[in-house]
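Notes for the one structure printed next.
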Amino acid sequence: MRTLSIAIAFLALFTGLYKYLDARLEQFYIFDPAHLHDLSQRAIAAHGNDTRSIVQYIVSELDEKIPGTHLNMDEEWVFNNAGGAMGAMYIIHASITEYLIIFGTAIGTEGHTGRHTADDYFNILQGTQLAYVPGSYEPEVYPQGSVHHLRRGEVKQYKMDSSCFALEYARGWIPPMLFFGYADTFSSTLDFPTLWATSRITAREMIANALKGKM
């Protein structure tokens, strides 16, 4: 009985703390979805379909505007398999409440978005993304310059028919999203070197940002 009482007390404390922090998530954010969308559109206007230059444009402006050294300026690309889809990502920022990455593929992919504990903003830098929800007979179409907002708790099927890259921004609780990002490694790819690289970069950025007071 004592063990049960302790477990109930711990659960009540954790639930209360979670609700308190969840209601105050806004104070932890350093990125703004509207600014990231505007920045993406300006980068596209400046460089057209030159995706490498678009990414450099975005990272350079963020380096000027984001306070402190909260960005990973080293363009470390790693594969990412999640929800049956495969692409690659460059982690620009990772913390407890936000991540900002370049995600995409030069040959196309398709999969499950995952059902996440954060809002996800997918700013299309090059190519087109399609999305589908049950009951719809037409796809959602997100061309270059648009943003696909996947709201917290929602889920969709998505597809990139061919080359497509995006500036992806998530805001909310990031650590629970890692389980979705890791699951395909254990169920299909068994690509443990990529898992290690992803874990190393993510942990390094999250810990560095936490030590700077960025949750």
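The values are calculated or read from the model by the stated rules, or taken from the named source; none is laboratory data. Please read all numbers here as calculations on a predicted model, not as lab measurements. Cβ placement follows ideal geometry from the backbone for every residue including glycine, while neighbour counts extend to all protein chains displayed. When the accessible area is computed, the model is the full protein with side chains, heavy atoms only, and any ligands, DNA or RNA have been set aside. Shrake-Rupley method; radii C 1.70, N 1.55, O 1.52, S 1.80 Å.
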Positions within region 121-147 being more than 15 Å from residue 35 (Cα to Cα) and part of a strand (DSSP E or B), in sequence order: 126, 129, 130, 131, 132, 140, 141, 142
Count of region 24-47 residues which are under 30 Å from residue 210 (Cβ atoms), open to solvent by less than 80 Å² (accessible area, probe 1.4 Å) and assigned to a helix (DSSP H, G or I): 11
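Here's the yes/no breakdown for (1) outside any loop (DSSP other than H, G, I, E, B); (2) in contact (Cβ under 8 Å) with a residue 60 or more places away in the chain:
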| residue | (1), (2) |
| --- | --- |
| 155 | no, no |
| 162 | no, no |
| 167 | yes, yes |
| 183 | yes, yes |
| 187 | yes, no |
Show the residue pairs meeting these rules: Cβ distance below 9 Å; 6+ apart or different chains; first residue within region 60-73 and more than 11 Å from residue 214 (Cβ to Cβ); second residue surrounded by 12 or more Cβ atoms within 10 Å (Cβ to Cβ) and among the basic types (Lys, Arg). 61/42; 72/204
Sort out which residues of region 48-73 are closer than 19 Å to residue 30 by Cβ and either assigned to a helix (DSSP H, G or I) or among the aliphatic types (A, V, I, L, M) (or both), and write them in order of number. 58, 59, 60, 61, 62, 63, 64, 65, 66, 71, 73
What tally of residues in region 176-186 results from selecting those that are touching a helix residue (DSSP H, G or I) at 6+ places or on another chain (Cβ under 8 Å) and either open to solvent by 20 Å² or more (accessible area, probe 1.4 Å) or under 22 Å from residue 58 (Cα atoms) (or both)? 3
Please verify whether region 188-195 includes one or more residues that are within 30 Å of residue 61 (Cα to Cα) and open to solvent by 40 Å² or more (accessible area, probe 1.4 Å). no
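Counting only residues that are small (Gly, Ala, Ser) and closer than 15 Å to residue 66 by Cα, which one in region 81-99 is surrounded by the fewest Cβ atoms within 10 Å (Cβ to Cβ)?
95
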